[in-house]
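A short worksheet on the structure shown next.
The values are calculated or read from the model by the stated rules, or taken from the named source; none is laboratory data. Note that the structure is a prediction, hence the values are computed from the model and not measured. Here the Cβ is made from the backbone with ideal geometry for all residues, glycine too, and neighbour counts use every protein chain on show.
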């Protein structure tokens, strides 16, 4: 089923390439920008419960996350197109500036509604930080050597995944820091980092740009917004509203109409389109992004379940569970680094996502067998293999899409990979959380019914200190899962049915995640392995200029 084509660019003698030192200098600015977005996600996730309590908006906290996600997702393809037109540097500086402004505003928010609005500004910046960094890397390195440098990006994610939970938990636990409420520093800590990133990027990111004289597809951007915003909102809120409620159905209808309108607008716009439809006629682009979407579902589905298992079933704190995710990060970094080195030497890459999806699927299927009493070290080992699978897939799919794209489309092609993975992640998070919370109640009741016949459970219920829980459980009130903090102080015998119920539902989530990644494993076999070019994006642009000049003469 594999098909290998024979297009590869040979570097002519004397071709001017950036030195390794020059590339690392430029990377220093890009990595600071990516560190901003990666660190913020980890810090905010850890501290959000405390933030919502401080702003008296626990029931509204999802909107602070949803607003960020919506603007980050919508702006990603727009950054790709605008950077192809106006250049990478001004758009990257714009992204950092917006993220800086959003962080500062979020740090002074006085209500959950204000925080949601300011997080939306942050998201507008975050949409460019990730995708533009990879597009700039594509400009200055060839696909074959690019894999060598993606290890640096993986290291940034690794550092942020370790530092984020620690810093988030530290600030959330402080009443005051430098005269300001501790939780506000969850956002304000981004300000000095962003200022340094602005200074570094402004100084070192000096690469030539050939302006593409296109108009901006504002109609396409508007229709994409109309199409995706309702669907992203219902993905986040559907479990609370009800997937078949009137509000959810209205969101489906508006979203579908918006996406249909977007397709017609893009067809009419042609090469001026925000996401040119001609790109989907390229097998690598269309199949690569389909696989990216599936990867996003499986990746975020697994990652949202692991912290819940560690915190609820195993009883670790948010900070501890964040640190225990380190094997997953180590797996990503190890696999990305080793596969990148091999790709740079051999020029071959298709084997890595094939192995990566196989590792992820097998690991998630094994994860679906863990229980309340499973030793935690087994979970840590499985996390490493899930991370290794992700590391083999993420960078390789991006390199394949970039390698097949024309220089004029490098920005939008790179942004598309991030865009489709983010959409998949949103869908995966919504679906898997829905599976978890729609089944956990029944599983807890089944576990409670089974336990109620055991002498030790009846004896625990009869103890004086457990009478309040016994009365609440009898009335059904003790089954509320809005806050699971009561499990930490509940008699272990009485808590066991809750832990078993959550463990059973999380197992179901992992099982579905394994099935999804199996679909990705089947699809990846059809990806054509186009030999990697040895020409960077800038060199390919110069080649086109030279060819045009020769044609004129």
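Per the listing 547, 551, 459, the residue uniquely assigned to a helix (DSSP H, G or I), modelled with pLDDT of 75 or more and over 22 Å from residue 369 (Cα atoms) is 459.
For segment 170-179, the criterion of being surrounded by 19 or more Cβ atoms within 10 Å (Cβ to Cβ) and assigned to a helix (DSSP H, G or I) is satisfied by at least one residue. On inspection, residue 236 does not qualify as surrounded by fewer than 18 Cβ atoms within 10 Å (Cβ to Cβ), more than 27 Å from residue 399 (Cβ to Cβ) and modelled with pLDDT under 85. Output the number of residues of segment 75-104 satisfying the condition of being within 18 Å of residue 121 (Cα to Cα), in contact (Cβ under 8 Å) with a residue 60 or more places away in the chain and surrounded by fewer than 21 Cβ atoms within 10 Å (Cβ to Cβ). Within segment 75-104, residues that are within 18 Å of residue 121 (Cα to Cα), in contact (Cβ under 8 Å) with a residue 60 or more places away in the chain and surrounded by fewer than 21 Cβ atoms within 10 Å (Cβ to Cβ) number 3. Under the condition of being modelled with pLDDT of 75 or more and part of a helix (DSSP H, G or I), the residues counted in segment 294-320 number 16.
For segment 180-194, a residue qualifies if it is more than 16 Å from residue 53 (Cα to Cα) and part of a loop (DSSP other than H, G, I, E, B), and exactly one does: 189. Just to be sure, is residue 445 part of a helix (DSSP H, G or I) and over 30 Å from residue 348 (Cβ atoms)? Taking the combined requirement at face value, the residue satisfies it.
Given (1) in the same structural domain as residue 51 (by TED's automatic domain parsing); (2) at pLDDT 80 or above; (3) closer than 25 Å to residue 410 by Cα, identify the lone condition not met by residue 192. Only one criterion is unmet by residue 192, namely (3).
Test residue 422 against the criterion of being surrounded by fewer than 20 Cβ atoms within 10 Å (Cβ to Cβ) and either outside the structural domain of residue 125 (by TED's automatic domain parsing) or modelled with pLDDT of 80 or more (or both), and give yes or no. No; evaluated as a whole, the condition is false for this residue. Just one of the listed residues (227, 288) is under 22 Å from residue 394 (Cβ atoms) and within 22 Å of the chain's Cα centre (by Cα), and it is 288. Checking every residue in segment 152-163 against the condition of being part of a helix (DSSP H, G or I), at pLDDT 75 or above, within 17 Å of residue 115 (Cα to Cα) and touching a helix residue (DSSP H, G or I) at 6+ places or on another chain (Cβ under 6 Å) gives zero matches. Scanning segment 268-292 for residues that are in contact with a helix residue (DSSP H, G or I) (Cβ under 6 Å, 6 or more places away or on another chain) and surrounded by fewer than 16 Cβ atoms within 10 Å (Cβ to Cβ) turns up 277, 280, 286. A count restricted to segment 501-528 and to residues that are outside any helix (DSSP H, G or I) and either surrounded by fewer than 21 Cβ atoms within 10 Å (Cβ to Cβ) or outside the structural domain of residue 364 (by TED's automatic domain parsing) (or both) stands at 3. Taking the listed residues 263, 253, the one that is farther than 25 Å from residue 408 by Cα and either in contact (Cβ under 8 Å) with a residue 12 or more places away in the chain or in a helix (DSSP H, G or I) (or both) is 253, with no other qualifying.
Restricting attention to segment 274-293 and to residues that are outside any helix (DSSP H, G or I) and more than 17 Å from residue 523 (Cα to Cα), the residue that is modelled with the lowest pLDDT turns out to be 274.
Condition test on residue 367, is it in contact (Cβ under 8 Å) with a residue 24 or more places away in the chain, buried (at least 20 other Cβ atoms within 10 Å of the Cβ) and over 30 Å from residue 77 (Cα atoms)?
Details: in contact (Cβ under 8 Å) with a residue 24 or more places away in the chain: yes; buried (at least 20 other Cβ atoms within 10 Å of the Cβ): yes; over 30 Å from residue 77 (Cα atoms): yes.
Judged against the criteria, residue 367 is a match.
Restricting attention to segment 95-112, the residues that are at pLDDT 85 or above, in a helix (DSSP H, G or I) and farther than 22 Å from residue 157 by Cα add up to 5.
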